[in-house]
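See structure below.
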């Protein structure tokens, strides 16, 4: 129901050509709001399932020939991401109330993406996961190509080819798992319980490599990240918000949902490689972001940095040694928290950069200055978003990063070098704040119109949620912690 | 009572945080900002009195299996009332300096005050880290309060980044504490496993030195002087910088347990006290002088932590807070009125506004260590403990004391200088160089100076009998901190002599090497900032030119390969197929021709032969008997011949 409500609404919007633009926009808002309400209802009724199990499970035979079924369920890893997805799509719907470019088609496309994203996080079957994974790429391709600016065709094509190639690697890995499992199956809980390829390090390593490459492209980690900046720069701001907020999480979610539970031995064997990739992504992403002059590109690179923390934490989870299980569990909890946190904060920041383009048609920092005078509300909200993103306590980013660092350093002291990442992100965000907002009002900042209600009501709630769960993390942590303990148990087998 | 005190402790943090956040967020709150913030600060004073008396502790579960925990111990009970009182007085005084965006200013100040209260009472590392970083962020926003000046904003940036660089130590310490096995509570840290304990100690030490503007981090405090004077009066005297020293006092058992940290801490504190005093002596700007002096005075607190005298350190912290807040407020009053903070522009200013002048004089005399004012006794309480560790460091401390007498005297000489009428224009040329001065001083600006002057004069009692015994008991050092009378006399004499020399000679040596803060800002820029930016730019170019081009190159190569394959397909495979077809056709044609020419001919030839043979075979059948007989004879003869031949 939660999955298909947006899809049905989207199809209806697409099928009714005579529907007014205004109706289409408000229908989109209403549908996403109802869907979010359903998700909240789900959350309220949620009880932590037993380790390895799923809550609200549903299973219908789908392709019985290859033992693939329409299998859905939630646990502590997926529930926060589902809720975050609902929130981000609602924010995008509200933000897009001011859109004048083919709003009906846009609403239909985003409702389609909404369904696909929810489906991916709920999927408990590899084929189902893969189908949603690929459909998300297709949907985002049309978003960038259809509503983008700059050179959208090329960026969209690059995004599509790169991530699609990644998804093919993923498919190869999935098939490897299927072939190795006895009996052959694509069912996730069954595969996690069976751990195929347990005694075959070479085959396990190859299958893991295929899956890792597929997920690393989507996440993205260095060196598979170069599709991200052009895709973000040329995407419409709602597209960027969904791309960064939701689609990138599909990669990191794959690590904790598929790679770690199903290939624990291979994961342990290759954990150092993953840790190194994570640390490099953290530092490299931050430093390259520091050098950017284009706000949107800069935020895109900070995504590489923030995803790097997650990769680092899940890598550390594989460094099984002695009595570090508690520390590694903390790191994984931090990683899941970071997925939610990055979604909320970065979506807000991308929506705000959309305001820059909407008003003055440029993302170049040096073309602005002193925005705080004509647009005090924009300045305040942007400053809050920047501080949230650089990991200031009282926002979710701190809770996530604190746990990642604490857990990682305790389990593998050399990872402390990644802490430098938060210093560089602080530097780059403060430089951006200063360049855009402070000083004399100049360049394109002259005559800049402040935030409009739709913009305040889309960005504001995202940041308020980040603040809420940054001050009161327990409700979210109570859901995540059992799940991350389970993941650590599974990896430790 | 206990529950009430716990509620008070929560409120002490949450009330200013909430009110401050609302004030800062609501743009139209300017009109009510001052009364709201002043009454909040007044409530905080009351709350701090309650919690200081009742010493409650509160905790709620937080991340990583640890709590957000606030505890009021003896040390916090001593510091909290000082913090809240200074906050209230500074907020009142700020009404003269801050006349626009008052809601934002007071909101940020309250958020800052909440963070300081949380820092002072934090009982676990996550709590401390949260409060610590929010404090830093609030200081960024407050230093860059006048955001139209790029320079002030970048001063805030320098302050935030420098202190955050040091804060990374706390993140590291948190990880090490988790690995160390004793938990993340500050009180449990000394029980960690020895290896990890060293990491924890180092991390906390670095973070504290950064906040306290000790060497080598001191330079950020110089840039921070671009902020409003009232901000400096709170952040750079009583609260943020002081919290660096306070944290070291707080974890003194940890420093002691590690073995090496105590001497290192004393050494760094002594070096800062000595060198930054020289820097203060060289300054030509009142706020710069006060900033360097703050770092130097905090050096004494840091020494106290290293020498394990929490009593002396805490007393010095409180006395310095009152003294320095007073002096910064006075500097702010003059800056608002005259538009300058250059010492040459402030000549004779004490005579123009007597109350401010005399208050500042008390502050400067206290800073000089003149008996019986506050810093005289507190400094000696620290130095006594240092003397037990090393006479050399004690001597360094005495030299630093003498230097502080000198720079305090420099202030006194300037503000009381009689300016002859013919040189007045030279002084007035500096007016309004920083901002447009109002040429007047309001009652609300002056009133807070009086209680601070009383504090600057009397806070020394904390380090003298009989109060010192109570303070020692409160901070858990029963029987500690007894300063011998001769030390008190010696230091008082040194301070007095230096002061008199300066006042009589009316000038001090101004070491030129210290004017630019020992070259620390330039060094940080050359050694850290510029290389980092260069590295970032190089990596960005690498990313665009190599990584991305690698990918697009791979794509292009794939395209080229497919084009080649297409060509190959057209040229070779297809042509081969076509040639094959043509060949087949030719073969078929040839086969057809061969078929016509050979096979068919052969068949027809055969048929003709058969026909001929048929004709031949018809010939013997003549119907005449004699011919048949003849034929039979021939056959028989042939048969006989055959039989004979074969037989």
* To do: Output the number of the condition that residue B:208 fails; it satisfies all remaining conditions of (1) closer than 29 Å to residue B:523 by Cβ; (2) more than 19 Å from the chain's Cα centre (by Cα); (3) modelled with pLDDT of 90 or more.
  => (2)
* Please enumerate the residues belonging to the stretch B:20-34 that are part of a helix (DSSP H, G or I) and either surrounded by 22 or more Cβ atoms within 10 Å (Cβ to Cβ) or at pLDDT below 90 (or both). => B:20, B:23, B:24, B:25, B:27, B:28, B:29, B:30, B:31, B:32, B:33, B:34
* Among B:111, B:153, which is the only one that is surrounded by 24 or more Cβ atoms within 10 Å (Cβ to Cβ), within 12 Å of chain A (Cβ to nearest Cβ), over 12 Å from the mean Cα position of the chain (by Cα) and without any contact (Cβ under 8 Å) to a residue 40 or more places away in the chain? -> B:153
* Structure fact -> Subset of the stretch A:406-420, residues at the interface with chain B (Cβ under 7 Å from one of its Cβ atoms) and without any contact (Cβ under 8 Å) to a residue 60 or more places away in the chain, comes to A:409, A:416, A:419
* Return yes when residue B:210 is within 14 Å of another protein chain (Cβ to nearest Cβ), part of a helix (DSSP H, G or I) and surrounded by fewer than 24 Cβ atoms within 10 Å (Cβ to Cβ) and no when it is not. => no
* Given (1) surrounded by fewer than 24 Cβ atoms within 10 Å (Cβ to Cβ); (2) within 22 Å of the chain's Cα centre (by Cα), index of the condition residue B:232 fails -> (1)
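Of these, B:203, B:175, B:244, which one is at pLDDT 90 or above and away from every other protein chain (no Cβ under 14 Å)?
When all the criteria are applied, what remains is B:244.
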* Residue count, the stretch B:251-292 (criterion: under 27 Å from residue B:334 (Cβ atoms) and within 23 Å of the chain's Cα centre (by Cα)) -> 4
* Asked: Which ones in the stretch B:542-561 are more than 16 Å from residue A:227 (Cβ to Cβ) and either within 13 Å of chain A (Cβ to nearest Cβ) or in contact with a strand residue (DSSP E or B) (Cβ under 8 Å, 6 or more places away or on another chain) (or both)?
  -> B:542, B:545, B:559
* What number goes with the only condition from (1) assigned to a helix (DSSP H, G or I); (2) more than 28 Å from residue B:254 (Cα to Cα); (3) under 33 Å from the mean Cα position of the chain (by Cα) that residue B:406 does not pass? -> (3)
* **Matching residues, the stretch B:53-104, being within 18 Å of residue B:24 (Cα to Cα) and within 14 Å of chain A (Cβ to nearest Cβ)** => B:100, B:101, B:103, B:104
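Could you list all residues from the stretch B:297-317 that are assigned to a helix (DSSP H, G or I) and under 16 Å from residue B:473 (Cβ atoms)?
Those that are assigned to a helix (DSSP H, G or I) and under 16 Å from residue B:473 (Cβ atoms): B:310, B:311, B:312, B:313, B:314, B:315.
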* **Wholly enclosed helices (runs of 4 or more DSSP H) of the stretch A:171-247 bearing at least 3 residues within 14 Å of chain B (Cβ to nearest Cβ)** => A:201-218, A:228-234
* **Enumeration of residues in the stretch A:319-332 that are part of a helix (DSSP H, G or I) and within 8 Å of chain B (Cβ to nearest Cβ)** => A:326, A:327, A:330
* Structure fact -> Those helices (runs of 4 or more DSSP H) completely within the stretch A:1-95 that have 3 or more residues that are within 29 Å of residue A:345 (Cα to Cα), modelled with pLDDT under 85 and within 24 Å of the chain's Cα centre (by Cα) are A:4-15
* Do we find that residue A:476 is surrounded by fewer than 22 Cβ atoms within 10 Å (Cβ to Cβ) and under 21 Å from the mean Cα position of the chain (by Cα) in this structure? -> no
* Structure fact -> Of the residues in the stretch A:348-403, those that are at the interface with chain B (Cβ under 9 Å from one of its Cβ atoms), over 25 Å from the mean Cα position of the chain (by Cα) and buried (at least 19 other Cβ atoms within 10 Å of the Cβ) number 4
* Confirm whether residue B:614 is on the phi > 0 side of the Ramachandran plot and loosely packed, with under 10 Cβ neighbours inside 10 Å. => no
* Asked: Which condition number does residue B:454 fail, the rest of (1) within 30 Å of residue B:308 (Cβ to Cβ); (2) part of a helix (DSSP H, G or I) being met?
  -> (1)
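Out of the helices (runs of 4 or more DSSP H) lying entirely within the stretch A:396-493, which hold 2 or more residues that are over 26 Å from residue B:140 (Cα atoms)? Walk me through how you get there before you give the answer.
Details: elements: A:396-411, A:420-437, A:453-471, A:474-491.
Counting at least 2 such residues, we get A:396-411, A:453-471, A:474-491.
The values are calculated or read from the model by the stated rules, or taken from the named source; none is laboratory data. Computed from a predicted model, the values in this text were never measured in an experiment. Note that we place each Cβ from the backbone using ideal geometry, even for glycine, and neighbour counts take in every protein chain shown.
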